[in-house]
């Protein structure tokens with residue numbers, strides 16, 4: 001029996017695929033074996049109802065109960081003439097994403113950040129303690145915790161702001177990656193400089209000292225990637 005990792009109900013099958021991260025009539029369920037040149041994956045073909053893909057009611061329950069958000073219809077337009085079923089919303093109705101976004105929150109022990117619901121999530125440990133904030137867009141994401149750096153998009157990394165071993169490691173990574181890159185990637189790397197290989201949680205001058213600064217760093221990063 002192959003475990004269903006999606007919030008949908010449907011038929012699952014195994015396939016060998018080189019690039020499985022696409023969605024059409026079906027979607028990726030899980031990568032079971034990565035052989036480099038090809039992967040053994042399971043894909044799910046969700047059943048459909050009048051609203052679209054049939055969602056698992058247990059997944060909806062878990063999202064509603066544990067994420068601080070809810071799965072519901074999102075109406076929009078001048079007179080709310082348009083709607084998106086099975087959307088992930090904050091309690092006040094702010095649109096955050098589709099049900100897969102809500103399922104991602106649940107699986108990663110995240111909760112809706114009411115101060116910035118679209119693009120930032122609260123992060124918790126197994127005991128229910130908040131440990132940081134995760135800023136994200138469709139282009140990527142980063143969790144910020146106390147001890148990280150307060151992300152500043154305008155900050156230009158300076159060697160004197162970091163430990164010697166950190167800076168050396170990033171210089172080595174940059175040169176190694178540059179040598180393997182094509183012409184377009186090299187152009188982007190030259191434009192970004194060493195920031196290209198420095199994690200977002202290390203890109204800023206100020207060390208994060210409290211949760212308010214974790215939140216601000218996550219907001220800054222989400223805005224920068226939008």
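The values are calculated or read from the model by the stated rules, or taken from the named source; none is laboratory data. Everything numeric in this text was worked out from a predicted model, so none of it was measured. As a convention, Cβ positions derive from the backbone with ideal geometry for all residues, glycine included, and neighbour counts pool all protein chains shown.
Numerical summary
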read-out	value
Verdict on residue 151 being farther than 19 Å from residue 107 by Cβ, surrounded by 14 or more Cβ atoms within 10 Å (Cβ to Cβ), in contact with a strand residue (DSSP E or B) (Cβ under 6 Å, 6 or more places away or on another chain) and not assigned by TED's automatic domain parsing to the domain that holds residue 67	no
Strands (runs of 3 or more DSSP E) enclosed by the stretch 64-161 - at least 3 residues per element that are farther than 16 Å from residue 213 by Cα and in contact (Cβ under 8 Å) with a residue 40 or more places away in the chain	110-112
Qualifying position, being surrounded by fewer than 16 Cβ atoms within 10 Å (Cβ to Cβ) and on the phi > 0 side of the Ramachandran plot, among 86, 80	80
Filter pass, residue 52 being more than 25 Å from residue 92 (Cβ to Cβ) and at pLDDT below 95	no
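To keep it simple, each residue is scored yes or no on (1) surrounded by fewer than 12 Cβ atoms within 10 Å (Cβ to Cβ); (2) in contact with a strand residue (DSSP E or B) (Cβ under 8 Å, 6 or more places away or on another chain); (3) assigned to a loop (DSSP other than H, G, I, E, B); (4) modelled with pLDDT of 95 or more.
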site	(1), (2), (3), (4)
168	no, no, no, yes
176	yes, no, no, yes
192	no, no, no, no
204	no, yes, yes, yes
212	yes, no, no, yes
216	no, no, no, yes
221	no, yes, no, yes
